[in-house]
1. Wrap a convex hull around the Cα atoms of segment 1-67, take a quarter of its surface area, and give that in square nanometres.
2. Stokes-Einstein at 25 °C, 0.890 mPa s, Kirkwood radius from Cα pairs: D for segment 350-404 in µm² s⁻¹?
3. (i) 183; (ii) 159; (iii) 143: which one is volume of the Cα convex hull per residue in Å³ as calculated from this entry?
4. Placing unit charges on C-beta atoms (Lys and Arg positive, Asp and Glu negative, everything else neutral), compute the dipole magnitude of segment 1-106 about its Cα centre in debye, rounded to 20.
5. Probe radius 1.4 Å, ligands and nucleic acids ignored: give me the carbon and sulfur share of the accessible area of the chain as a rounded percent.
6. Heavy-atom accessible area per residue, the chain, 1.4 Å probe: how many Å²?
7. Dipole magnitude of segment 273-412 about its Cα centre, charges +1 at Lys/Arg Cβ and -1 at Asp/Glu Cβ only, in debye to the nearest 20?
8. What residues qualify as long-range amide H neighbours of I44, i.e. H under 5 Å apart, gap of 5 or more or another chain, H built at 1.01 Å from N?
Amino acid sequence: MPNIVVQKFGGSSVATDERREQVIDKIINAINQGYKPVIVVSAIGREGAPYATDTLINFAQGVYDTIEPRAKDLLMSCGEIISTVIIAQALRARGYEAEPLTGAQAGIITDENFGDTRIKEINARRILDILDSNQIPIIAGFQGVSENGEITTLGRGGSDTTACALGAALHAEMVEIYTDVEGVMTADPRIVPNAKTLKHVTYNEVCELAYQGARVIHPRAAEIAMRERVPVIVRSTFSDAQGTVISDVFKQEEVEIKGDRPVSGVTSRSNLSFVKVFPKDHEGPSTLLESTSVLGCFRILAEGNISVDFINVRPEVITFMINKDTVEKACGLLNESNYQYEVFNDFVKISVVGAGMTGVPGIMAKVVEALTEAGISIYQTTDSHTTISCLIRDEDEESGLCALHDYFGLGD
């Protein structure tokens, strides 16, 4: 079916009556341009709002503080379902027929890794039938159903993943991610006042920005868009700004700009813990054999489904980063195997990202120079073709982001 556009609206976009009317305006505008819109919505508002996901979780934990994973997914799916009905009602009030659907009803099949499930396949037949009947499908983001009929959720930011996966399954002309900012920005504008909206980024850049902490699109959604080559536009619900186009390559007129400016954006991750693991029976200088034996900690953590990042292996110590919400589990696994370790929660990972840095010498030197001039100590670094990351103290996060943003002229 031609002319399908998937439009995803986040929690802030559907939080109030006034904002929901702006959402409806965007949907109607797509119809007037000849598109058949498929709508994906998040839960209404953020923590404190009556139907927000965190509010529902706090309600349940007020009864008993531990929620079994299967039950928690069932609970967390409720906020998005409420949004589908409210948006469908708002469309009907404006004279448009709409059909609200849960993730299960939309044919989104997942595994059963509750809380962070993966989409296995999408049976889009019901969605296509709704479009054929000239109705608008309103789909609950962030959720699906397992082959055993269990309700599952895709992890924080999972509505982006729903939208991009549906875009691929429906062969949509594009996916529009509507948010409260005007697109993908050179930095978080709450931290860097002169951050600017990027007109265009590559799939690879937006994946890296997302994984390194930028909150404008979920990393898994960016991965799906890149793998399936789904055209994506990130734009604001509350303005008519063009937004940011995410695609394979830059337009010809932008190539020269990228060559002159290798860095597209700066970002940071503060939800990480820095871990040092020592060889067993560590009492001083270690041998290579001891260091090799301690590498087994990676296998143990992998079997516990704990992802590690920023790995550095030296004879005397192994260091890496993990998400803070996995620290308790990681410590338990390391304790069971009698590893000696230390955990630090006062570091952040700060990164510069840009497709233009590939093959360009001296970018790492510039990153180090920018942070050093700002009086910021660097404890570890890592790099790839499009990203350079540094480990710094959390107290230096804001000044580090501003220093890198200014040094690479991203606000000019």
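1. On the way: hull surface 22.8 nm².
Quarter of the Cα hull surface area: 5.7 nm².
2. Values: Rh = 11.3 Å.
The Stokes-Einstein estimate is 217 µm²/s.
3. Label of the calculated value: (ii).
4. Values: 10 positive and 12 negative charges, 67 e Å.
That gives a dipole near 320 debye.
5. Details: 9260 of 18980 Å².
For the chain, the apolar C and S fraction of the accessible surface comes to 49 percent.
6. Numbers: 18980 Å² over 412 residues.
Accessible surface, normalised per residue, equals 46 Å².
7. Values: 9 positive and 21 negative charges, 94 e Å.
The calculation lands at about 440 debye.
8. S83
The values are calculated or read from the model by the stated rules, or taken from the named source; none is laboratory data. Please read these numbers as outputs of a predicted model, since none were measured by experiment. For neighbour counting, all protein chains shown are included, and Cβ atoms are generated from backbone atoms with ideal geometry for every residue, glycine included. Areas reflect the complete protein model, heavy atoms only, side chains present, ligands, DNA and RNA absent. Shrake-Rupley method; radii C 1.70, N 1.55, O 1.52, S 1.80 Å.
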